[in-house]
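One structure is given here, and the rest of the page talks about it.
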Amino acid sequence: MQKFIPALFMTLLISVFPTSADAAANAGGEKRATVKISERSILPLRVLTRAMSSLYEKPDESAAVVQSNLPTFMPYYVYTRPEGEERESGSGWYEVGTDNRGTVVGWMKASDVFEWKQTMCLMYTHPENRKPVLMFADEDTLGKLIAENPEARAEQATKYYDIINSGDIPADFPVVSVEPQTAVDYARQFYLMPILDFATARIDGREGRILKLAAVGGSGADAREKTDIRENRAYTAQATVTPAQAAPKVEKELKFDIVWVIDTTRSMGPYIESTKEVVRNLSLKFASQPSVAGNIRFGMWAYRDALAAMPKIGYTTMNFTEELQPVEQFVKFIDDVKDTKVDSLDFPEDVFSGLSDAVTKTAWTPGAVRVIILVGDAPGHKLGHKWNLSGHDEVTMRALATDNKITLIAIQIRPNEAPRHQKTAQIQFSVLASNPGTTESAYFSIPGNQMKQFARTTEKSLGSAMALVEAAGNNTLGSVLEEDSIPVKGFSDDVPVQSAPEPSADAAKSDIGLGQSLRAAVVQWIGSKTDAKAPRDILAWVTDKDLLNTARASLEVHLLVTKRQLDSLASLLSDMIKAGRSGQISGDDFFTSLQAASAVASRDPDRLKSAKSMADSGLIPAFLEGLPYSSKVMTLSNDLWNSWGPDEQDNFLNELDARIVAYRAIHDNPEGWVSLNQGADSDESVHPVPLELLP
């Protein structure tokens, strides 16, 4: 196994006002230089504080305290760094400042800070369909476990889990901590797992990683509570609580928001009416269950195509419910939803605009499980199409839904005509309905002449959500979650779907996907409501694969970025798009066009002229330099650009444009942004961006 350390960098831009110690620290007027993260780097080293740490006037615990109980994650620049054994043992001192211009404010104990040399961090994947992450005290034990054959590894890992679940953990146990079984909501209980080191490994023929991390908690009273399960029995007890066991504490609060996003073009008339009929029937069912009805709200977005191109079509998207409605009111609202009598100019519609508006503009109920049901018989316009007004494709739209904690169910109506377009729609709808924590997509394919099957499918989507709310009201949600899968049933069924006549293989997979998706949504909701907390104040070794099923990822790498950094990345991609389009017209090479398109390029035009790739152009934001992942943007060169045909160039530029749209949506969404400094400017909040959204 070849071990390597990724290029080191840290990019948190901080906005901390100088303290009263500044003048004393800089009384001599000498401008101090920061320590660099490495000998070959120009980037300054920073540290982040642990909870309840203190800033001292001198490197001595008996010295005057400049400030105590510093906020967790408060970033400081390093001006003096302990060396050797002092740094390793945590017995040394760091001299720190609030900026890289010489504003030194005092000294901090090495045990009160940790160096963070990059903005990459780990985040847990959805806990459904995998085992919790085991955190090992040393690399060797984990490495040997990884090297075992799958059967031996699973047997040993199962023994570890059994010991942890027993609560009787020996002092020499090789696992220092464990991920809680209940989902951790980083927006409510923010956790930080910086990558300190990692090694690549082949795990059952797949590329995996063994990673050293620091698990850091939030700013609560227990943030400095070491969650070593060999010592901290209270944390062990908390971590082994399952979602089913946690459900009784919060199940009475379970609410669902269900929002339809439906194609209302001419061909969809019968399905619109069928949807209305299903909702009317649901209303009658709810009349006998007012407690259930009170915990489900409904909304309706309709989409067609580009209004500017087809004015008679009426609208591109339309929100029929400015506020989400109880079912008895929703029935009245959807009476206004009708198909247009005007034909579109082509088969695809603007699906992604309908979804984008529903995700970002719906007035979601605070604390409710969010579900979107997409219904359409045509694919969305592809990236770069003049009538794809949202700028999204299925990949960025799925990422946006995940970022907003939205479960998506997709129902594709398949008319007999346009088989090529039907295949495109199948791919798009299936990706959109691939919800976190599932092994099957909540995607349904309905033949165009099967109205009863369509009604049955919409009933199952609504009925299964209703059954979960009903179970919560009856204090049986935990029992439902203890089963391998939740029952998928329509609200007019007397028996679960599994007991009905044998469905087709595809329909059975769709039912599994629906059940898994709703279950995963409720598990995520329970974790958020119970404020499940991640391990904290430990150093450990982990693998990014499930030890019992290495096909499943247990950890994902994210990049913490500020709003300013996100804007700078969007600006770079915008300049690249301008350069690419300009070069296609003028025939100039890519970097010549980029020099004309980018205002930043004028600062160092010679470097751009001599650049062999974007990586050494001088235009890449510092926080992206040295990331250990492959990227089309970083490797782009004149030779590569010229080797692509017009279609490949267009696809590349359209993908960049989709990323810009995704960044804008993340930027404008208040959810998911976390402040690392109490009282800091909102622009300094950070958001974990998954690697798949980086260009």
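Quick one: of Lys361/Lys405; Lys255/Lys509; Lys285/Lys460; Lys276/Lys312; Lys252/Lys460; Lys131/Lys529, which pairs are farther than 18 Å apart, Cα to Cα? Don't skip to the end; give the middle numbers.
Numbers: Lys361/Lys405 14 Å; Lys255/Lys509 26 Å; Lys285/Lys460 14 Å; Lys276/Lys312 24 Å; Lys252/Lys460 23 Å; Lys131/Lys529 21 Å.
From Lys361/Lys405; Lys255/Lys509; Lys285/Lys460; Lys276/Lys312; Lys252/Lys460; Lys131/Lys529, over 18 Å: Lys255/Lys509; Lys276/Lys312; Lys252/Lys460; Lys131/Lys529.
Determine the percent antiparallel among the DSSP beta bridges restricted to the chain, to the nearest 5.
65
How much net charge surrounds Ser344 when only the other residues with a Cβ under 13 Å from the Cβ of Ser344 are counted, with Lys and Arg +1 and Asp and Glu -1?
Taking every Cβ under 13 Å from that of Ser344, the sum is -4.
Can you compute the modelled spin-label distance between Ala171 and Arg581, with each label point 7 Å from Cα toward Cβ, in nm?
6.9
For Asn549 and Lys386, FRET efficiency with R0 = 41 Å and r from the beta-carbon atoms, rounded to 0.05?
Between Lys386 and Asn549 the formula returns 0.40.
Do any trypsin sites (Lys or Arg not before Pro) in the range 62-154 lie in a loop, going by DSSP, with at most 12 other beta-carbon atoms within 10 Å of their beta carbon, and if so which?
Values: sites: Arg87, Arg101, Lys109, Lys117, Arg130, Lys144, Arg153; in loops: Arg101, Lys117, Arg130.
Passing sites in the range 62-154 are Arg101.
Just to confirm my numbers, what's the Cα centroid distance between the range 133-205 and the range 97-123 in Å?
Answer, in whole Å: 28.
Grab the beta carbon distance between Ser643 and Ser89, set R0 = 45 Å, and tell me the FRET efficiency rounded to 0.05.
Here the calculated transfer efficiency is 0.25.
Going 7 Å from the Cα of Asp197 in the Cα-to-Cβ direction, what parts of the range 136-166 have a backbone nitrogen less than 12 Å from that spot?
Residues passing the 12 Å test: 138-140.
Checking the cross-link filter: which lysines have an alpha carbon closer than 19 Å to that of Lys578, excluding same-chain neighbours under 8 positions apart?
Lys386, Lys609, Lys632
When only DSSP loop residues count, what GluC sites (Glu not before Pro) in the range 37-108 have their Cβ near at most 12 other Cβ atoms within 10 Å?
Passing both the DSSP loop test and the Cβ count: Glu39, Glu61, Glu83.
Using the alpha-carbon centroid of each, what span in Å lies between the range 334-408 and the range 224-289?
Their Cα centres are 21 Å away from one another.
Below 8 Å between Cα atoms, with a sequence gap of 6+, how large is the relative contact order for the chain in percent?
Relative contact order, the chain: 17 percent.
Quickly work out the Gln329-to-Glu231 label distance, labels modelled 7 Å from Cα along the C-beta direction, and quote it in nm with one decimal.
Placing both labels 7 Å beyond Cα along the Cβ direction yields 5.4 nm.
Values quoted throughout were computed directly from the atomic coordinates according to the rules given, and no laboratory measurement underlies them. A quick note: this is a predicted structure, and the numbers were derived from the prediction, not measured. Here Cβ is always computed from backbone atoms with ideal geometry, including for glycine, and neighbour counts include all displayed protein chains.
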